[in-house]
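Scroll down for the structure; my scribbles are underneath it.
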Amino acid sequence: MNTDINVNKPAPFVTGKRLEIFNLSTEIKKTIQALEAGKPVLIADFYSNGVLLLKELHQYLKSKMPHKTFQEQREYRAAYHKLSNLILLEIINYKIDVKKAPGIGWLEKLYTGNTNFLLTFPQVQGLNSSWQWYQNGISVPTLRNKIHPYYGVYFPTRFDHLTVFDNWLKRYEGPKKSAIEVGVGSGALSFQLVGHGFQKVFGTDINPNAIIGLTEFMGDTKLSRKIELDHASLFGKWDKETELIVFNPPWLPISSDNDRTDAAIYYPEELFPDFLLLQKNDWL
Ligand SMILES: C[S@@+](CC[C@H](N)C(=O)[O-])C[C@H]1O[C@@H](n2cnc3c(N)ncnc32)[C@H](O)[C@@H]1O
């Protein structure tokens, strides 16, 4: 495991305020009023109480706010986001402290040493679905083995581009000493390169979780000697010439309309000029 970079994870909820408690004997209307007043609410007894409260919150906001136009839907989502992120669960010894809660291995893996803290219900839901993807793995048509995406790392959900790349690799007749992959993510393209006989792949990613996840996944298998990783932007520390450069980049421009920060999807204006410039300086 790469230990000198910090993993991205949902930040524990910290509050000086007294927590309101929600269970089946609490009046839902009062709880929603508390949320609207900015008071954090702790889910008690059963995990399903949290699911119920979220459902009621949706219904309440739908009845209160119009949500037809794009702008109205945006405002509705913002209100839901704000209030749902005040609904909390307590984590004790890496377990969610209510009955019938899902077991989420990320709690121990990502919060080692932190045995008592609060997370919001949406954060827990995100961790839970990520844990399912990670544990069950994802079958990719161009790879023999499943990929196991680490928490917070992009993974392919459509495979056309992987098939196109695979067909291209099948026909590629040049040397296969080494390749660079910018933005390895969960490793799908790097695994393809190795599968098609590339001896070395040098990969980078600005997302620490991509590097941590792939390092853990490869362990000290043969693969770990073929794929070397650097937590860095663009070409990182790799400055030697390679036969191939691969980059499946983020595809939407960051704009003032979307303050999204997911670097797997949104790219800053300078990304492509920098990528092309670095290639030109280093290799032409
Ligand atoms: C669309 S995803 C592709 C991931 C993977 N290569 C695949 O095809 O499944 C883009 C990846 O590029 C990474 N990325 C974005 N900007 C980057 C940069 N400047 N340098 C290195 N990686 C970057 C993101 O973190 C993300 O993992």
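Just to be sure, is residue 276 surrounded by fewer than 20 Cβ atoms within 10 Å (Cβ to Cβ) and closer than 21 Å to residue 161 by Cβ? Criteria met by residue 276.
Screening residue 114 on (1) of a type outside the set (Gly, Ala, Ser); (2) part of a strand (DSSP E or B); (3) out of contact with any Ser or Thr (no Cβ under 7 Å at 6 or more places or on another chain) shows it passes everything except condition (2). Among the residues of the stretch 193-215, are any open to solvent by 60 Å² or more (accessible area, probe 1.4 Å) and within 18 Å of the chain's Cα centre (by Cα)? There is at least one residue in the stretch 193-215 that is open to solvent by 60 Å² or more (accessible area, probe 1.4 Å) and within 18 Å of the chain's Cα centre (by Cα). The set of residues in the stretch 146-161 being in contact (Cβ under 8 Å) with a residue 40 or more places away in the chain and outside any strand (DSSP E or B) consists of 148, 149, 150, 151, 152, 153, 154, 161.
Residue 24 passes all but one of (1) closer than 17 Å to residue 120 by Cα; (2) open to solvent by 60 Å² or more (accessible area, probe 1.4 Å); (3) touching a residue at least 24 places away in the same chain (Cβ under 8 Å); which number fails? Result: residue 24 fails condition (1) only.
For the stretch 129-162, enumerate the residues that are over 24 Å from residue 215 (Cβ atoms) and open to solvent by less than 50 Å² (accessible area, probe 1.4 Å). Explain how you work it out, then say what you get.
Residues of the stretch 129-162 over 24 Å from residue 215 (Cβ atoms): 141, 158-161.
Selection gives nothing.
Residues that are near the ligand (Cβ under 8 Å from one of its atoms) number at least 3 in the following helices (runs of 4 or more DSSP H) confined to the stretch 162-275: 188-195. Of all residues in the stretch 129-156, those that are aromatic (Phe, Trp, Tyr) and either at positive phi or near the ligand (Cβ under 10 Å from one of its atoms) (or both) total 2. Please count how many residues of the stretch 103-121 are open to solvent by less than 40 Å² (accessible area, probe 1.4 Å) and either over 17 Å from the mean Cα position of the chain (by Cα) or not hydroxyl-bearing (Ser, Thr, Tyr) (or both). Total meeting the criteria: 9.
Which ones in the stretch 32-53 are in contact (Cβ under 8 Å) with a residue 24 or more places away in the chain, part of a helix (DSSP H, G or I), more than 15 Å from residue 119 (Cα to Cα) and open to solvent by less than 40 Å² (accessible area, probe 1.4 Å)? Answer for the stretch 32-53, where residues must be in contact (Cβ under 8 Å) with a residue 24 or more places away in the chain, part of a helix (DSSP H, G or I), more than 15 Å from residue 119 (Cα to Cα) and open to solvent by less than 40 Å² (accessible area, probe 1.4 Å): 32, 35, 49, 53. Going through (1) open to solvent by 70 Å² or more (accessible area, probe 1.4 Å); (2) in contact (Cβ under 8 Å) with a residue 24 or more places away in the chain; (3) under 28 Å from residue 130 (Cβ atoms); (4) acidic (Asp, Glu) one by one, residue 241 falls short only on (3). Tallying residues that are open to solvent by 30 Å² or more (accessible area, probe 1.4 Å) and either part of a loop (DSSP other than H, G, I, E, B) or in contact with a strand residue (DSSP E or B) (Cβ under 9 Å, 6 or more places away or on another chain) (or both) within the stretch 77-100 yields 8.
Among the residues of the stretch 165-183, the ones that are open to solvent by 10 Å² or more (accessible area, probe 1.4 Å) and more than 13 Å from residue 243 (Cβ to Cβ) come to 7 in all.
The values are calculated or read from the model by the stated rules, or taken from the named source; none is laboratory data. The model shown is predicted, which means the values in this text are computed figures rather than measured ones. Virtual Cβ from ideal backbone geometry, glycine too; neighbours counted across all protein chains shown. Calculation scope for accessible area: heavy atoms of the full protein, side chains included, ligands and nucleic acids excluded. Shrake-Rupley method; radii C 1.70, N 1.55, O 1.52, S 1.80 Å.
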